[in-house]
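Q: Encoded as structure tokens, here's the structure I'll be asking about.
What follows is calculated from the coordinates using simple rules that are stated; it is not laboratory data. Note that this is a predicted model, so its numbers are computed, not measured. When we count neighbours, we look across all protein chains shown, and the Cβ atoms used for this are built from the backbone with ideal geometry, even at glycine.
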């Protein structure tokens, strides 16, 4: 059963599917609770940021969990230097955000002060936390790999 | 499901590491590790691939004798 395709192996697929189902259910119930709270007049964030935050949080948990159980990259891709790619992604995101701010000519602090809407800041924080979590998980995975090395 | 020491022994006899065997059958090293530790139950296709890579039969690597089975 030589795996010629650049895809996940059977254990990785099984784990990814299991985590995916759990995270789908989590997102479904979180959105349902959010709708319920909205009906009772509890507005923790303005629409559509509340939905975005729930989806991003669920996606982040999903990503972190599949990275932690080694079900994110196929076997053939595991020898690549993922740390370097992740660092490039983080730096590129920051550069893109700064460029956007410079081109638009408005600082996020000013926008928040004038519109009294802190949704953009919350989304930015969620993204940064997500990237940092991915970095931490990658380090943990590397340590785990060293620990469980046999022979 | 207990540890599968027969795979480990067959692998050692062929002087292969878990990584070598995993690459030979097209799975991740962690998957091979889980199979040897008894944490993952592989499909019959993967069992056959492992047997072919190690030059053993399915019986030799995966058959578990029932303790209550009449001899």
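Q: Averaged over B:25-37, how many beta carbons belonging to a partner chain fall within 10 Å of each residue's beta carbon?
A: Values: counts 5, 10, 9, 12, 7, 13, 10, 4, 4, 4, 1, 1, 2.
Per residue, the average neighbour count from other chains is 6.
Q: Given contacts defined as C-alpha pairs under 8 Å and at least six residues apart, what's the relative contact order of chain B, whole-number percent? Don't skip to the end; give the middle numbers.
A: Working: 56 pairs, mean separation 25.2, N = 71.
35 percent.
Q: Using helices alone, what [θ] at 222 nm do you get for chain B, with -39,500 (n - 2.57) per DSSP H run of 4 or more residues, divided over all residues and rounded to the nearest 500?
A: -16000 deg cm²/dmol, from helical runs alone.
Q: If contacts are Cα pairs under 8 angstrom and at least 6 residues apart, what is the relative contact order of the stretch A:8-75 in percent? Show your work: numbers first, answer last.
A: On the way: 39 pairs, mean separation 41.2, N = 68.
For the stretch A:8-75, the relative contact order is 61 percent.
Q: Provide a whole-number value for the mean count of partner chain Cβ atoms within 10 Å of the Cβ atoms in peptide A:69-75.
A: Values: counts 1, 5, 3, 0, 1, 3, 10.
Rounded to a whole number, the mean comes out at 3.
Q: Another one. Please list A:91-97, A:133-139, A:61-67 highest first by mean number of surrounding beta-carbon atoms within 10 Å per residue. Don't jump to the answer; show the numbers that get you there.
A: On the way: A:91-97: 11.4, A:133-139: 15.7, A:61-67: 18.6.
Listed from highest to lowest mean packing, they are A:61-67, A:133-139, A:91-97.
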